[in-house]
Amino acid sequence: MTTQDYANRISQLIQDHEAEIGAEWAEQLSALTVRSNVVAKDQLRKHCQQFLAAFAQATRGGELQNMEHRSWDEVRDILSEISASRARNGSTPSETATFVFSLKQPLFTHLNEGFANDPAGLANATWTIGSLLDKMGLYTIEVFQRARDQIIVRQQQELLELSTPVVKLWDGILALPLIGTLDSARTQVVMENILQKIVDTGAAIAIIDITGVPTVDTLVAQHLMKTIAAARLMGADCIISGIRPQIAQTIVHLGVNLEDVVTKATLADAFLVALERTGTSVVKRSHA
């Protein structure tokens, strides 16, 4: 019997017993899946039906050793959709791979019945289908991990944006309070946020407060200077506030040139300078 003959026989067997295999598979998956509510069970049955139908059709192509063949395109698409969906819903990689691996038991049961009078054919079919399902299980893990990585990157980006708020203190005056360590990725977000805010508000002064920055090294200083230079190109001047004695000593030791940048010890001092530069004066009213 040729490989194509085996493939056709396996495909026909799955099609003949598709309802039984699908029911047994879905029941087994429901028992193994922690998240078992009505919606999840309905979705699980739908996924099982879609996969089995595509699997049976793909086996007719005869490419039982090569999952990259075009005959398996639909199967890969279904697995990709399921894996990505589970990554978004909080499933684990092992739970996702179990979707494929758990098909072995009901499928092998029907292979035993279908090849009962052909021991050699049964061994060949069992090994071939087992290897194929193993590859598919690993494929779901790869897709799951890629989807999870994309989610993590997006969440990190959202956290970066939340941790770098640009606030309007006064007409023409912005403030950017920084907390934590500055790295290249965060500096890019800082620069984008402050430049966009300058465009939106037409601000002339931007105060960068580094009170919450634990340390300033050469890299951090370079990032600050790049942000200041970018803001100046947009027509806004910058004031750095929150320079503590330890940070001042570090900056001097590093030889960072801040001669053309106004620096203040506190945000309040920087705000007063910004008010003066915009022609605004603050008058303290005495209480009668």
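Quick one: is VAL216 in contact with a Ser or Thr (Cβ under 7 Å, 6 or more places away or on another chain) and in a loop (DSSP other than H, G, I, E, B)? Yes, satisfied.
One line per residue, one yes/no per condition, for (1) surrounded by fewer than 18 Cβ atoms within 10 Å (Cβ to Cβ); (2) in contact (Cβ under 8 Å) with a residue 40 or more places away in the chain; (3) within 21 Å of the chain's Cα centre (by Cα); (4) more than 20 Å from TRP72 (Cβ to Cβ):
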position: ASN112; (1), (2), (3), (4): yes, no, no, yes
position: THR126; (1), (2), (3), (4): yes, no, no, no
position: SER131; (1), (2), (3), (4): yes, yes, no, no
position: ASP134; (1), (2), (3), (4): yes, no, no, no
position: GLY137; (1), (2), (3), (4): no, yes, no, no
position: THR140; (1), (2), (3), (4): no, yes, yes, no
position: VAL143; (1), (2), (3), (4): no, yes, yes, no
position: ASP149; (1), (2), (3), (4): yes, no, yes, yes
position: ILE152; (1), (2), (3), (4): yes, no, yes, yes
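For the stretch 228-279, taking the residues that are closer than 17 Å to THR218 by Cα and assigned to a loop (DSSP other than H, G, I, E, B), the one that is least open to solvent (accessible area, probe 1.4 Å) is identified as VAL261. Beta carbons closer than 6 Å, at least 6 apart along the sequence or on distinct chains, pair a first residue in the stretch 207-222 that is charged (D, E, K, R) with a second that is open to solvent by less than 70 Å² (accessible area, probe 1.4 Å) for ASP209/PRO177; ASP209/SER241; ASP209/GLY242; ASP209/LEU267.
Checked against the criterion of being aliphatic (A, V, I, L, M), under 15 Å from LEU169 (Cβ atoms) and touching a Ser or Thr at 6+ places or on another chain (Cβ under 7 Å), the candidates ILE239, ILE243, ILE207 yield just one match: ILE207. Mind counting the residues in the stretch 86-110 that are open to solvent by less than 20 Å² (accessible area, probe 1.4 Å) and either among the small types (Gly, Ala, Ser) or in contact with a strand residue (DSSP E or B) (Cβ under 9 Å, 6 or more places away or on another chain) (or both)? So the count comes out to 4. Scan the stretch 176-207 residue by residue and report those that are within 21 Å of the chain's Cα centre (by Cα), closer than 14 Å to GLN222 by Cβ and assigned to a helix (DSSP H, G or I). Scanning the stretch 176-207 gives SER184, ARG186, THR187, GLN188, VAL190.
The values are calculated or read from the model by the stated rules, or taken from the named source; none is laboratory data. Note that the structure is a prediction, hence the values are computed from the model and not measured. Methodologically, a virtual Cβ is constructed for each residue, glycine included, from the backbone with ideal geometry; neighbour enumeration extends over all protein chains shown. Surface accessibility is based on the protein's heavy atoms, side chains included, excluding ligands, DNA and RNA. Shrake-Rupley method; radii C 1.70, N 1.55, O 1.52, S 1.80 Å.
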